[in-house]
Amino acid sequence: MRLLLVFIGAFLILSSGCAGSNHYYKEQDEQLHIYLKYPEAEKVYFFSSLDQFQPHEAAKNEKGVWDISVPSGQEITYFYIVDGEIFTPECELMATDDLGGENCIYLPGL
Amino acid sequence: MKNLLIIIMIIFSIPSFICAGEIDDRLSSDMPAKVKESARQVISLGIENQDIIQMTRTMLENKYTEQQMLAAHDVLIRTKRENLPVDPIINKFYESVAKRSQAEQTVQAMEIVRSRYKTASDFAGEITQDKEQAQTIAQVIAECMIAGIGNGDMHRITELLRQRTMDMNIEEAQVFNKGTLSAVGLMARSGADSGSITEIVSNAFQRGYTVVDMEKLGSAFMKETKDPSSASMLAESYARAIKNGVPADDIGNYKAGGSRNWSGRKSPGAGTHHN
């Protein structure tokens, strides 16, 4: 019984870390991959401060996760346009965009 | 001598002739003359030709009125004259266009950014007399303000910093100012409210926190925050913990809503601490 409770507790702890992780980062080979889980979207564009907010079309994988890669090691302010609508996911770091909305911020090394 | 002076004047006026020609070549003929003249004025202040030409073309493509284009140029002119960074304002313009904002809103946002950097620059000047250091500090202050630190709280934080670094040499003060403000920015970007962050800084300085302590505080806060809605409660908890004498290394043990006297007794609170 005790073992079962420990197992359930461990399962809950592990799954709570994953639940709601629809936006995350991964650094690989000097590239920063920015992932957005949005299976129902048809077109996702990424805009960032790295290039004066030019549009970059994200690629979707079979699990409905959209991926964009940028050079790593830099602070980035960014947002998405998903199927024509401005979309800012819940990010760890955010700031006002002075336009009534917010942007995500990625800080390297954190 | 007279001939030499005339030659020097001609040489120095060549760039402006080239510039005027380039503006006429690269901005379409349906661009109002006043806007072309305004663009020349912006460029004459030292802002990159290409940036202004591209921005002006973009405004025309997005059907800005003549008045709106002149207003956008005017923000850049005032920015440059006040020795403030121009790039954040140009970036804000392109961000606003990408978000399909109205022209008026775009120009307003550009002005907000200019005003913010002006305020940040003034605050930086209160902390350090060194011009180069003031520029760096102003950038970090601006980032804190973009993240939500209000003018009043920013004023208080800079005053706390001024007093705290009074007896430090210039290099030490710079490191301390930058490290503390980076921690402030991190907490603000994580969603904590301006007032609670100011209290954290005040309590931390009273406890003699070093710059390393302040940086640990910022990182621990960011890691602890589950979401923006819990950030302010966590900030209050941190402020209490610091006031009660908790060292920076142990701050990460505190969760929102709970506190613990450092004698080891648990005081009433909604949350629990964990190691």
| query | Of the residues that make up the range B:62-77, is at least one within 14 Å of chain A (Cβ to nearest Cβ), under 21 Å from B:Arg189 (Cβ atoms) and part of a helix (DSSP H, G or I)? | reply | no
| Could we say that B:Thr136 is among the polar types (S, T, N, Q) and either within 11 Å of chain A (Cβ to nearest Cβ) or open to solvent by less than 40 Å² (accessible area, probe 1.4 Å) (or both) here? | no
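I'd like to check something: does the range A:91-101 contain any residue that is away from every other protein chain (no Cβ under 11 Å) and either at pLDDT 95 or above or over 27 Å from B:Val107 (Cα atoms) (or both)? Quick ask: steps written out before the conclusion?
Just the residues of the range A:91-101 that are away from every other protein chain (no Cβ under 11 Å), to begin with: none.
Checking the range A:91-101: not a single residue is away from every other protein chain (no Cβ under 11 Å) and either at pLDDT 95 or above or over 27 Å from B:Val107 (Cα atoms) (or both).
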| query | Residues of the range B:99-131 being open to solvent by 30 Å² or more (accessible area, probe 1.4 Å), free of Cβ contacts under 8 Å to residues at least 24 places away in the same chain and not hydroxyl-bearing (Ser, Thr, Tyr), which ones? | reply | B:Arg100, B:Gln102, B:Gln105, B:Gln108, B:Ile112, B:Asp122, B:Gly125, B:Gln129, B:Lys131
| query | So which residues in the range B:195-219 are within 14 Å of another protein chain (Cβ to nearest Cβ) and either open to solvent by 20 Å² or more (accessible area, probe 1.4 Å) or in a loop (DSSP other than H, G, I, E, B) (or both)? | reply | B:Glu215, B:Lys216, B:Ser219
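Going by the structure shown, is B:Glu236 within 21 Å of A:Glu92 (Cβ to Cβ), of a type in the set (D, E, K, R), over 24 Å from the mean Cα position of the chain (by Cα) and more than 14 Å from every other protein chain (Cβ to nearest Cβ)? Let's see the steps before the verdict.
On the way: within 21 Å of A:Glu92 (Cβ to Cβ): yes; of a type in the set (D, E, K, R): yes; over 24 Å from the mean Cα position of the chain (by Cα): yes; more than 14 Å from every other protein chain (Cβ to nearest Cβ): yes.
Yes, satisfied.
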| Has the range B:175-183 got at least one residue that is modelled with pLDDT of 95 or more, over 25 Å from A:Ile76 (Cβ atoms), within 13 Å of chain A (Cβ to nearest Cβ) and open to solvent by less than 30 Å² (accessible area, probe 1.4 Å)? | no
| Scope the range B:33-80; condition among the small types (Gly, Ala, Ser) and surrounded by fewer than 16 Cβ atoms within 10 Å (Cβ to Cβ); matching residues | B:Ala33, B:Ser44, B:Gly46
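Say we look at the range A:30-85 and pick out the residues that are part of a strand (DSSP E or B) and acidic (Asp, Glu); which of these is nearest to the other protein chains (Cβ to nearest Cβ)? Before you say what the answer is, go through the steps one by one.
Step one: filter the range A:30-85 for residues part of a strand (DSSP E or B), giving A:31-37, A:44-48, A:56-57, A:59-60, A:65-71, A:76-82, A:85.
With the extra rule that they be acidic (Asp, Glu), the set shrinks to A:57, A:67, A:85.
Working: A:Glu57: 14, A:Asp67: 20, A:Glu85: 10 Å.
If we take residues in the range A:30-85 being part of a strand (DSSP E or B) and acidic (Asp, Glu), then A:Glu85 is nearest to the other protein chains (Cβ to nearest Cβ).
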| request: Note down all Cβ pairs under 7 Å where the first residue falls in the range B:161-186 and is over 20 Å from B:Ile149 (Cα atoms), the second is among the charged types (D, E, K, R), and they're at least six residues apart or on different chains. | output: B:Ile170/B:Asp130
| task | Kindly establish whether B:Gly245 is more than 16 Å from B:Gly150 (Cα to Cα), of a type in the set (Gly, Ala, Ser), touching a residue at least 12 places away in the same chain (Cβ under 8 Å) and not in a helix (DSSP H, G or I). | result | yes
| Residue check, A:Val82 against (1) open to solvent by 40 Å² or more (accessible area, probe 1.4 Å); (2) touching a Leu at 6+ places or on another chain (Cβ under 9 Å), all met but one. Which one? | (1)
| task | Answer with yes or no whether B:Arg100 is within 12 Å of chain A (Cβ to nearest Cβ) and part of a loop (DSSP other than H, G, I, E, B). | result | yes
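The values are calculated or read from the model by the stated rules, or taken from the named source; none is laboratory data. Predicted model only: the values in this text are computed from it and were never measured. Note that each Cβ is placed from the backbone with ideal geometry, even for glycine, and that neighbours are counted across all protein chains shown. For accessibility, only protein heavy atoms count, side chains too; no ligands or nucleic acids. Shrake-Rupley method; radii C 1.70, N 1.55, O 1.52, S 1.80 Å.
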